[in-house]
Amino acid sequence: MEKKESAVWKQILVGLFLLIGIGMVCLLVYKAQIREHMSEPVYCTLMSEHKENKEAVLREDTRSLSEQFVCKVPELCRIMIEGRAENISSEARVEIILSDTESGQEYYHREKAVSEIFTEKAAKVKLKLNETQSDSQDKNLTLTMSLINAGETQIYLTANSKPGIVSSFNQDTDDHTNVIWSLEYSSCENLKILYIILCVSLLGFGAVCYWMLIIRKREVEHFFIPISFYIGVVFQCVVCVYGVPDEPWHMDTAYKYSNKMLCIEDTGEYGVIYKRQCDVEMTDMLANGVESNSFYQLLHHTFELPQNKELVKVSYVDTGDFVPDIVYFPAAIGISIGRLFGLSALLTLQLGRILSLLVYIILAWFAIRIVPFGKNVFGMVGMLPITLQQGASASYDAMLNGILFLFLALCFRMSVPGKYKKWEIGLTALLAVFILISKGGVYIPVLAMLLLIFHQKRSKKETKETNEETKKRRRYLLILCGVMAVLICVAAVKTFPAIKAIFTSFMQESEANTQYTIPYLLRSPLKIIYLYWNTFMEKADDLLRGLLGGMLAWHDVKINWSIILIFLIGLLLLTNVKGDKYEGGARPRLIITIAAGVSIALIMMSMLLGVTPIGSDYIQGIQGRYFLPLAPMMFMITSNNMIVVQKKQCGYVWLTMMAAEVMVVLQCVALTA
């Protein structure tokens, strides 16, 4: 009895030390990395830093521009523009004025020589207001720029479109061009409360993990849903709306399906949909990345009542051509709920992300539940920071990763001797169709995992099959191959425009091409080998870091390798948990290796043909997250007999990795400050 009480008190003390440790780390991060930035103004980027923007031009025939916009921030103190100049004349001058549209009061007025402000290379120009405007929120402002004594001088200003906040450009109310790169306003001091809430949430996360992993000693299939949902919601707040790669366009596509769910008619115009005015305004104010403005919007505008819910027409980008429509349904349902209940724009978009997270977690949990071995590997890959970041977003990666995890789990399940259930065969076939028509077919090689079903490890007694049974299995294999051939044809028809474009390139190729093409590579096959090799040598560390969650948001949040190594070591240990490790022989491992290897090669080839310019020494555009669906099978084949992790030790491995998750969250915030 005394021993039991002693063990209980020991567990309580260890748990308290863990929570104290998390609290001290939170305090240290604030004191060492965040506090010094608290006196700085909040920074809001209005341009895309990861995609191409447009340009507005000032020259002899268009000497001035005027942008009228609604200031959606309080205490505006500085704006920034970006531009470059060509053929600069010594007499050319530029006048910049920021004024109140209604009263005409000037907040900024400067006239300088063009050569003093702009160069031939694009550079940012800060315009500090005469004084901080304490009442700038919701004011109508006008930015005017005039080119004096232009001559041959031309000024190119970085520009984009902001239909929510820009009311007119050059007095044209149908033109919503914006030339303001960023705004600085208020103070980061206001974000302290948000950091306190985050620290309390992380302490709660540490307590939940310790309770379930160490005290209750739960298996992964029992703790995966609560723990992954908890930290997933934290991630969707830290990496805010639009902070995930290409999420603005994924959210647009989900919004399109939300309109259909709410029976809102189409605009009848290509690339144009209806959105609530408040949603358009919030979209304009959210950067394509993670910055202090994202946290300010989260703190001050999540639970506000939307001012204008009127439907307006707005242009959008549809990314539904790469994947089946169903992948956007969870986010669309979340957005629809927010719109039906009249919630704020930010909370509505967050609901879309949270529904995506929930569906991803259910898919990943089902994969863990049915896979006969490697449960811990599936669970940890499913909880890597990058996996949760993508899962807690509007990106189609949320469902794509979950569905591929489930397909792999079914293949491993049916590789174990025993009768197949009808639902297993039906679900596997359905998921195979999904894989065939997703992401340009780069994951089609994963379907080779179906061969594991026909290479079951059996005892000597079980291997004495009758000739009839052998023939039956061969018939099943032939039927499966026939079905796969039909599905591949269906996928080819779906992607016919892309296939046609590839073959057309044989006829249209010219010296003007700026990117690698199939004809070019066929003439220089060794070039492919060189490019693949150079990519591995120069980018392997970034790809591995990205796969493990070390490069978050739009790759602008880079977590220290010392933290990321914890995930790598932990995964290698969880691969070898006694009673949960993969025991497949040489042939099954070879099948898995080939399937993963060919899929990786196809992913790299898609980036080589899609985004890599001729002359590049390596393949550009590849991100570690592209390999996430392959991660469970890649780690599974590393199981060996040299390392044995007892089930009792498994909980401590998990706890260590969850502590690393806490560090990643804190570093995301610190690096954004």
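The lone criterion from (1) closer than 22 Å to VAL577 by Cα; (2) among the basic types (Lys, Arg); (3) at pLDDT below 90; (4) open to solvent by less than 50 Å² (accessible area, probe 1.4 Å) left unmet by LYS457 is number (4).
The residues listed here are SER393, SER344, SER336; of these, the one that is touching an Asp or Glu at 6+ places or on another chain (Cβ under 6 Å) and either at pLDDT below 95 or more than 13 Å from GLN236 (Cα to Cα) (or both) is SER344. Within segment 194-218, the residues that satisfy the criterion of being surrounded by 16 or more Cβ atoms within 10 Å (Cβ to Cβ) and more than 30 Å from SER292 (Cβ to Cβ) are TYR210, MET212, LEU213, ILE214, ARG218. Residues being modelled with pLDDT under 85, surrounded by 15 or more Cβ atoms within 10 Å (Cβ to Cβ) and within 27 Å of the chain's Cα centre (by Cα) are represented in segment 516-524 by at least one member.
Only a single criterion out of (1) open to solvent by 50 Å² or more (accessible area, probe 1.4 Å); (2) outside any strand (DSSP E or B) is not satisfied by ALA150, namely (1). When segment 235-257 is filtered for residues that are more than 15 Å from the chain's Cα centre (by Cα) and open to solvent by 10 Å² or more (accessible area, probe 1.4 Å), the ones remaining, listed by number, are LYS256, TYR257. Of everything listed in (1) part of a helix (DSSP H, G or I); (2) surrounded by fewer than 16 Cβ atoms within 10 Å (Cβ to Cβ), the single unmet condition for LEU628 is (2).
A Cβ distance below 8 Å, combined with a sequence gap of six or more or placement on separate chains, defines the contacts here; from segment 206-233, residues that are among the aromatic types (Phe, Trp, Tyr) reach residues that are not in a helix (DSSP H, G or I) in the pairs PHE224/GLY382; PHE224/MET383. A Cβ distance below 7 Å, combined with a sequence gap of six or more or placement on separate chains, defines the contacts here; from segment 637-656, residues that are among the polar types (S, T, N, Q) reach residues that are open to solvent by less than 30 Å² (accessible area, probe 1.4 Å) in the pairs THR638/THR575; SER639/THR575; SER639/ASN576; SER639/LYS581; SER639/TYR582; ASN640/ASN576; THR656/GLY570. How many of the residues making up segment 32-56 are charged (D, E, K, R) and either in contact with a Ser or Thr (Cβ under 9 Å, 6 or more places away or on another chain) or open to solvent by less than 100 Å² (accessible area, probe 1.4 Å) (or both)? Residues that pass the stated criteria total 4.
Across segment 526-561, what is the number of residues that are of a type in the set (Ser, Thr, Tyr) and open to solvent by 60 Å² or more (accessible area, probe 1.4 Å)? Residues meeting the conditions: 1.
If you go through segment 311-337, how many residues are over 22 Å from CYS240 (Cβ atoms), touching a strand residue (DSSP E or B) at 6+ places or on another chain (Cβ under 7 Å) and either open to solvent by less than 40 Å² (accessible area, probe 1.4 Å) or in a loop (DSSP other than H, G, I, E, B) (or both)?
Of the residues in segment 311-337, 1 are over 22 Å from CYS240 (Cβ atoms), touching a strand residue (DSSP E or B) at 6+ places or on another chain (Cβ under 7 Å) and either open to solvent by less than 40 Å² (accessible area, probe 1.4 Å) or in a loop (DSSP other than H, G, I, E, B) (or both).
Quick check on my filter: what residues within segment 272-288 are open to solvent by 20 Å² or more (accessible area, probe 1.4 Å) and either assigned to a helix (DSSP H, G or I) or at pLDDT 95 or above (or both)? Answer for segment 272-288, where residues must be open to solvent by 20 Å² or more (accessible area, probe 1.4 Å) and either assigned to a helix (DSSP H, G or I) or at pLDDT 95 or above (or both): VAL272, TYR274, GLN277, GLU281, THR283. Take the residues of segment 579-602 that are in contact with a Lys or Arg (Cβ under 9 Å, 6 or more places away or on another chain) and either aromatic (Phe, Trp, Tyr) or surrounded by fewer than 13 Cβ atoms within 10 Å (Cβ to Cβ) (or both): which is nearest to GLY546 (Cα to Cα)? Of everything passing the filter in segment 579-602, TYR582 is nearest to GLY546 (Cα to Cα).
The values are calculated or read from the model by the stated rules, or taken from the named source; none is laboratory data. Since the model is a prediction, treat every value here as computed from it, not as a measurement. Backbone-built Cβ (ideal geometry, glycine too); neighbour counts: all protein chains shown. Ligands, DNA and RNA are excluded from the accessible area calculation, which covers all protein heavy atoms including side chains. Shrake-Rupley method; radii C 1.70, N 1.55, O 1.52, S 1.80 Å.
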